Amino acid sequence: MTMEETLIENLVLGNDHKESMKKINENLVQYGLTPNQSKVYLYLTKTGEKTASAISKNLNIPRTESYHLLNSLEQKGIIFSIFGKPTKFNSVSINDALTIIIDNEKKRLLDLELKKEKILTLWETVPKYVDDSENVDGNKFQILQGRNSILVKIERMVKSAKIDVMVLGSDSNFIKFYHTEFVNLLKTTKAELQVLTTYSKKGQFALDGIPLNTIKKLDENNRHNFSFIIKDENEVVFFINSGSSELMAIWTDSKSFVSTLKSLFKLIWRKSAFVLEKENKFTKNMAEDYEHRLREIEQEKVILDYLKQNLMVKKEEKND
Amino acid sequence: MTNLLSTSNQEEFGLNVLIIDDNEQITKMISSFLDMSNYECTVVNDGKEGLDLIKTNQYDSIILDLAMPEFDGYEILDALQRENPSYLSKIIVLTASNVPIENIQKFKELGISSCLQKPVDIDQLLSKIIDSSV
């Protein structure tokens with residue numbers, strides 16, 4: 001970063017907010033903006049109307065690219081141009097921008113839904129060249145990359161499960177699915193649910209709502225680094241530790257693979273203990289702490305009375 | 001009230017009791033009246049230490065508190081369930097906490113001798129100790 005850029009960034013954002021802006025930038029990328037689109041949008045939002053050349057100069061983006069970026073942001077509806085000589089650009093508020101992006105995505109999904117029917121209808125008119133009977137279940141593998149594609153696969157598996165759903169994994173894996181439909185899917189399955197997990201004090205919140213009689217705790221010796229979900233006798237999603245921050249998994253309907261993992265699961269399940277709902281006095285509110293302490297004091301009093309009475313009896317016996 | 005000191009068969013009992021509770025005052029008092037009744041008493045105020053003692057010694061009865069810092073009674077029950085389930089029948093849960101009804105049900109399923117909420121009557125506690133030692 002040049003001195004001028006640093007100066008502009010500090011003037012515009014202030015040192016204290018750099019980290020927040022970095023995070024906002026990263027999040028906007030998840031909303032479908034490129035890093036440079038996000039940079040331009042945030043710059044306009046913070047500084048107000050600017051000419052293309054000023055944007056190009058201050059953000060150190062080549063002039064031609066800055067026109068492309070402004071054009072694409074305008075098409076997305078989150079910046080607008082102000083007629084004049086030279087033309088200036090300004091942005092809509094961040095709240096409006098996010099709403100516009102979300103609405104556009106919703107429309108796009110709706111379009112895809114509508115197109116699905118059309119494609120399927122068209123597909124029916126195309127003659128088949130492959131015999132469906134050749135497509136035998138039991139030998140398919142699929143690499144799943146990213147939380148969403150894994151979740152979509154899990155959803156299909158859990159919803160179609162008829163006998164059982166077996167889940168093995170550490171809390172840290174479940175936390176990655178927090179705020180998704182994952183727990184709700186497990187909760188509502190009609191098949192028998194069995195969950196083997198580390199269930200640590202810090203991570204158990206990720207499984208809130210799943211009945212405790214379906215959860216067993218992995219002990220120290222069984223805290224392996226692998227996680228998987230098995231559906232009935234025929235499908236499994238096996239998580240891969242790829243070393244990157246993105247989740248990766250393998251899905252397969254290989255009978256031998258499913259059967260091996262199922263045997264392993266059953267073995268660990270047999271050796272593991274059910275989770276009990278913990279009553280942690282340190283996390284309870286003050287009233288309950290008080291009640292707890294009061295019971296302890298009452299217990300002390302009961303024991304003291306007992307001891308006192310017995311000592312008196314002993315004394316009387318001595319005197320006799 | 002049963003007066004154990006005057007119980008003629010007190011010598012016959014001589015039970016070996018382990019008390020695991022972080023409340024030192026309570027453990028001292030319970031061990032006092034058990035000592036007076038010729039019970040052999042071991043006291044620990046730390047859950048982990050308690051679990052180690054259970055694994056390395058034979059006790060006729062184990063009085064266990066649930067809410068303890070660091071390593072609590074639930075963790076002890078977890079470990080016993082996995083490694084030494086036969087000890088569960090020796091356990092008397094004695095707690096000042098509100099124990100959820102599902103847990104009481106679970107205790108029964110696990111074969112835990114009894115679950116008492118403080119304050120508990122001494123006669124009741126003594127009778128539970130004898131029950132759990134059988």
_So for region B:84-98 (the condition being in contact with a Ser or Thr (Cβ under 7 Å, 6 or more places away or on another chain), in a loop (DSSP other than H, G, I, E, B), of a type in the set (D, E, K, R) and touching a residue at least 40 places away in the same chain (Cβ under 8 Å)), does at least one residue qualify?_
no
_Residue in region B:67-88 that is modelled with pLDDT under 90 and at positive phi present_ = yes
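For every residue, the table says whether it meets (1) modelled with pLDDT of 85 or more; (2) among the aliphatic types (A, V, I, L, M); (3) within 21 Å of B:Asn103 (Cα to Cα); (4) not in a loop (DSSP other than H, G, I, E, B).
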residue: A:Leu185; (1), (2), (3), (4): yes, yes, no, yes
residue: A:Lys190; (1), (2), (3), (4): yes, no, no, no
residue: A:Leu193; (1), (2), (3), (4): yes, yes, yes, yes
residue: A:Lys216; (1), (2), (3), (4): yes, no, yes, yes
*Could you list, in sequence order, the residues of region B:86-108 that are more than 9 Å from every other protein chain (Cβ to nearest Cβ) and either within 16 Å of A:Asn213 (Cβ to Cβ) or exposed (fewer than 14 other Cβ atoms within 10 Å of the Cβ) (or both)?*
B:Ser86, B:Ile101, B:Ile104, B:Gln105, B:Lys108
*asked:* Exactly one condition in (1) more than 7 Å from chain B (Cβ to nearest Cβ); (2) at pLDDT 85 or above is false for A:Asp289; which is it?
replied: (2)
*asked:* Being within 13 Å of another protein chain (Cβ to nearest Cβ), farther than 27 Å from A:Ala273 by Cα and out of contact with any Ser or Thr (no Cβ under 6 Å at 6 or more places or on another chain): is that true of B:Leu116 here?
replied: no
_Between a residue in region A:68-93 that is more than 13 Å from A:Ser53 (Cα to Cα) and any residue that is of a type in the set (Gly, Ala, Ser), which pairs come within a Cβ distance under 6 Å, given they are 6 or more apart or on different chains?_
A:Ile78/A:Ala97; A:Ile79/A:Ser91
*Test each condition in (1) in contact (Cβ under 8 Å) with a residue 40 or more places away in the chain; (2) in contact with a Ser or Thr (Cβ under 7 Å, 6 or more places away or on another chain); (3) farther than 20 Å from B:Phe33 by Cα for B:Asp123 and report the one that comes out false.*
(3)
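On the basis of being more than 14 Å from chain B (Cβ to nearest Cβ), modelled with pLDDT of 85 or more and surrounded by fewer than 16 Cβ atoms within 10 Å (Cβ to Cβ), does A:Ser259 make the cut? Even if it seems obvious, please write down each step before you answer.
Working: more than 14 Å from chain B (Cβ to nearest Cβ): yes; modelled with pLDDT of 85 or more: yes; surrounded by fewer than 16 Cβ atoms within 10 Å (Cβ to Cβ): yes.
Yes, satisfied.
Okay, residues lined up against (1) surrounded by 21 or more Cβ atoms within 10 Å (Cβ to Cβ); (2) over 26 Å from A:Leu218 (Cβ atoms); (3) within 14 Å of the chain's Cα centre (by Cα):
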residue	(1), (2), (3)
B:Leu66	yes, no, yes
B:Ala79	no, no, no
B:Leu110	no, no, no
B:Ser114	no, yes, yes
B:Leu125	yes, yes, yes
*Quick one: B:Leu15 ticks every box in (1) surrounded by fewer than 21 Cβ atoms within 10 Å (Cβ to Cβ); (2) out of contact with any strand residue (DSSP E or B) (no Cβ under 7 Å at 6 or more places or on another chain) except a single one, so which number is it?*
(2)
*A:Thr45 vs. criteria over 22 Å from A:Ser20 (Cβ atoms) and free of Cβ contacts under 8 Å to residues at least 60 places away in the same chain*: no
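The values are calculated or read from the model by the stated rules, or taken from the named source; none is laboratory data. As the structure is a prediction and not an experimental result, all values here were calculated from the model. Every residue, glycine among them, receives a Cβ derived from its backbone with ideal geometry; neighbour counts consider all protein chains shown.
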